[in-house]
Amino acid sequence: MNTKLKCSNCGAEITNLNFGWGKWSWIWSLMAFLPLIVIMGYQWRPKGDYRKDLVVAIVNTRVAQDNINVLAKVSNAGKHDWQSVEVLAELYGKDGQFLTQQPQSLAGAIQPGEERQFRFVLYAPSGEPLSTPPKIVLKAIQAHYFSF
């Protein structure tokens with residue numbers, strides 16, 4: 001059985017029948033995803049500079065024969081809670097030559113006004129005598145802010 005469709009206005013036979021949104025369907029797709037893109041862009045925009053907000057300082061150093069124990073603290077002087085904070089310790093020799101570095105990740109979030117202590121153990125390269133007191137530079141190298 002072969003049915004034929006005819007146009008109700010002119011009576012012509014319809015051979016192709018397409019169901020769709022037409023040639024402007026991309027506009028409807030864009031309008032559907034545009035609010036999502038705007039919301040995600042708002043959430044991912046920079047909320048502050050962690051390098052200005054996070055202050056890292058050395059509390060105490062203890063020099064052993066082959067390593068250096070460093071007790072340090074990080075305090076949040078900003079207005080955002082910073083998560084996944086990573087601090088880098090750099091060790092320099094007596095002539096200012098770079099010897100080694102070590103990153104340290106801090107778990108959890110650091111709230112505004114909060115201060116947290118942590119410990120590094122730095123090992124000098126083999127054969128390099130450690131100067132007393134050693135030059136250690138601490139800096140925050142990574143932190144994230146999530147508004148959720």
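The values are calculated or read from the model by the stated rules, or taken from the named source; none is laboratory data. Everything numeric here is computed off the predicted structure, so don't read it as measured data. Using ideal geometry, Cβ is built from the backbone for each residue, glycine included, and neighbour counts are taken over all protein chains shown. Note: areas computed on protein heavy atoms with side chains; ligands, DNA, RNA excluded. Shrake-Rupley method; radii C 1.70, N 1.55, O 1.52, S 1.80 Å.
A few remarks follow.
- Positive end of the dipole of the chain (Cβ unit charges, origin at the Cα centre): among Asn9, Gln101, Ile141, the Cα lying farthest that way belongs to Asn9.
- Sparsely packed loop sites in region 48-114 (the trypsin sites (Lys or Arg not before Pro) outside DSSP H, G, I, E and B with at most 14 other Cβ atoms within 10 Å) comprise Lys79, Lys94.
- Computed about its Cα centre, the charge dipole of region 32-114 is approximately 220 debye, with only Lys, Arg, Asp and Glu carrying charge at their Cβ.
- Taking all Cα pairs closer than 8 Å and separated by 6 or more residues, the relative contact order of the chain comes to 24 percent.
- Cα lying deepest toward the dipole's positive end in region 25-93, options Trp82, Leu71, Thr61, charges on Cβ: Trp82
- Reachable aspartates and glutamates from Lys94, criterion Cα separation under 16 angstrom, eight or more residues apart if same chain: Asp66, Glu128
- Accessible-area rank, largest first, for His144, His80: His144, His80, with all protein chains present and a 1.4 angstrom probe.
- Surface per residue (accessible, 1.4 Å probe) for the chain, Å²: 73 Å²
- Point-charge dipole on Cβ atoms (K/R +1, D/E -1) for the chain, about Cα centre, debye to 20: 480 debye
- Candidate lysines - alpha carbon under 25 Å from Lys52, same-chain residues fewer than 8 apart omitted: Lys73, Lys79, Lys135, Lys139
- Ligands, DNA and RNA left out, the accessible area of the chain computed with a 1.4 Å probe is 55% carbon and sulfur.
- Amide hydrogen neighbours beyond the local backbone of Lys94, cut-off 5 Å, H modeled: Ser131
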